[in-house]
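Student: Pasting a structure below so you can have a look.
The values are calculated or read from the model by the stated rules, or taken from the named source; none is laboratory data. Nothing here was measured: the structure is a model prediction, and the numbers come from that model. No Cβ is skipped: glycine too gets one built from the backbone with ideal geometry, and neighbour counts run over all protein chains shown. We work out accessible area using only protein heavy atoms, side chains counted, and drop any ligands, DNA or RNA first. Shrake-Rupley method; radii C 1.70, N 1.55, O 1.52, S 1.80 Å.
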Amino acid sequence: ATQSSSSSSPTDGKELFELEAFEKETHELYQQFVKAGYFKPTLFWLIHKTALVLLLLSLSILCMKLSAPQSTTTMDTAPILYVLLPGTFLGLFWHQSGFLMHDAEHHNLVGNERLNDILGWMYGTVFLGVNGAWWREEHREHHAMLNTFDDEGTKDPQLREDVWIQHKNLIPLYGQELIHFLCNFQHILFLPIIFIAGRIGIVIDSTLTERKFRPWTIFGNVLHIVLHYYILSHTSYPIQVYIVASFQQAILSLQLLGNHYTKAWNPVHVATEGNYCFWQILCTQDFACQTWAQWYYGGLNFHYTHHLFPTMPREHFHIVTPHVQKLCEKHGVPFVEIGFIDCVVGMVTNFNDVRKDFANHGSGSLALMYT
């Protein structure tokens, strides 16, 4: 399925009636799902997901102990399994903790908001190293202002970028010469930056850009450092293990970005006036994956459902999504399912297309200024 990236309103002309019908029927679906109990979390689901997180952490430590060399060797001669398996499991521990932080900060892990905040702090700040409260604040705005901008800049804080331009409609917002320079190489730099700097970048950013001081954030940061000092003390190659784990977390970053990065961007007044549900669909796509692999996507493979019903526990997404797809097909609204590899290729291709569009609007990469 394809979609237009035009800034024209989707409510123009003869589409107005169908749009209203789509919005109305989406709200009717919501009422049906509430009555069916799909907005109620279950304790068993939380327990078995937490058990998975702790299992991954235990496997990481176990692999460190079992593969510990008898004598010290140099980095160049360190057997790959000494770092590959422990690092992969540690990265998966972060990966799945991140998904549970996301669930908790949507307040849909348990029925109590305060307890959800505490769980978000534990899974996010302590386990993953990403400030859960920071994530909650920015993520709520992400849902409300998805893929939107105004004259002052990008309104969606979680898709706002400082080192590249992900859509041609955003080009006028970037006047810095450094961005103009980097835009020439963004299709080349995107993946290396995600894999090399992504982990450290989000950990630092989530701490330094928190909107208000919270002592619990500092305490959580300390616990995260102590926990990972203990974890990495079981290996003779802590730096290498951490690097491998960071590469695994980069896949999480690509999953988070891939649901929206190549979709439409419009001015905020166009995207939010009477067409909220429709806009959530246009700016989102699902990941196509086998049932056995769905745990690895943390619910992001059912992202249409998540954005239409953000307080619904993801344990019900697989039941609800066919209803959402049927509604989209009924109204001719695009419902896109894409493989992960195809999604990554699409993001890189999109960066290259934006780079070309950027180059066509000026005489030089550093001299180019939009007015």
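Student: Is the C-alpha gyration tensor of region 144-223 telling us rounded, prolate or oblate? Criteria: a/c under 1.5 is rounded; beyond that, a/b larger than b/c is prolate, otherwise oblate.
Tutor: Taking the square roots of the gyration eigenvalues as a ≥ b ≥ c, region 144-223 is oblate.
Student: Still on this structure, I have one more. With a 1.4 Å probe and all protein chains kept in place, how much accessible area does residue 204 have, in Å² rounded to the nearest 10?
Tutor: Counting only protein heavy atoms, the figure is 90 Å².
Student: Running a GNM on the chain with Cα contacts under 10 Å, which residue among 192, 215, 238 ends up with the highest mean-square fluctuation?
Tutor: Result for the chain, Cα springs under 10 Å: 215 fluctuates most.
Student: Normalised by the number of residues in the chain, what is the relative contact order in percent for Cα pairs under 8 Å and 6+ residues apart?
Tutor: Normalised by residue count, the contact order of the chain is 26 percent.
Student: Another one. Just to be sure I understand: with springs between alpha-carbon atoms less than 10 Å apart, which residue in 31, 290, 166 has the highest mean-square fluctuation in the Gaussian network model of the chain?
Tutor: 290
Student: Once the dipole of the chain is set up with Lys and Arg at +1 and Asp and Glu at -1 on Cβ about the Cα centre, which of 295, 236, 246 lies farthest towards its positive end?
Tutor: 236
Student: State the label only: which of (i) 35, 28, 18; (ii) 28, 26, 22; (iii) 38, 24, 20 corresponds to semi-axes √(5λ) of the Cα gyration tensor in Å computed from the shown model?
Tutor: The value matching this structure is (i).
Student: Same structure again: Could you please put 134, 121 in sequence from largest to smallest accessible area, using a 1.4 Å probe?
Tutor: The ranking, largest first, comes out as 121, 134.
Student: Here is a follow-up. From the convex hull of the Cα coordinates of region 127-174, what is the mean projected area in square nanometres?
Tutor: For region 127-174, the mean projected area of the Cα convex hull comes to 4.0 nm².
Student: Now for a separate question. Using only the Cα atoms of region 103-242, build the gyration tensor, take square roots of its eigenvalues as a ≥ b ≥ c, and label the shape rounded, prolate or oblate: rounded if a/c is under 1.5, else prolate if a/b is larger than b/c, else oblate.
Tutor: oblate
Student: Here is a further query. Using only DSSP helix segments of four residues or longer, with each worth -39500 (n - 2.57), what per-residue ellipticity at 222 nm results for the chain after dividing by its residue count and rounding to 500?
Tutor: Helix contribution divided over all residues of the chain: -19000 deg cm²/dmol.
Student: Still on this model: Please report the accessible area of residue 351 (heavy atoms, 1.4 Å probe, ligands and nucleic acids excluded) in Å², nearest 10.
Tutor: Surface accessible to solvent at residue 351 totals approximately 0 Å².
Student: Now for a separate question. Decide, for region 297-346, between rounded, prolate and oblate: order the square roots of the alpha carbon gyration tensor eigenvalues as a ≥ b ≥ c, take rounded if a/c falls under 1.5, and otherwise choose prolate if a/b is larger than b/c, else oblate.
Tutor: The shape class here is oblate.
Student: Now for a different question. Considering Cα pairs under 8 angstrom that are at least six residues apart, work out the relative contact order of region 213-371 and quote it in whole percent.
Tutor: Once normalised by length, the contact order is 20 percent.
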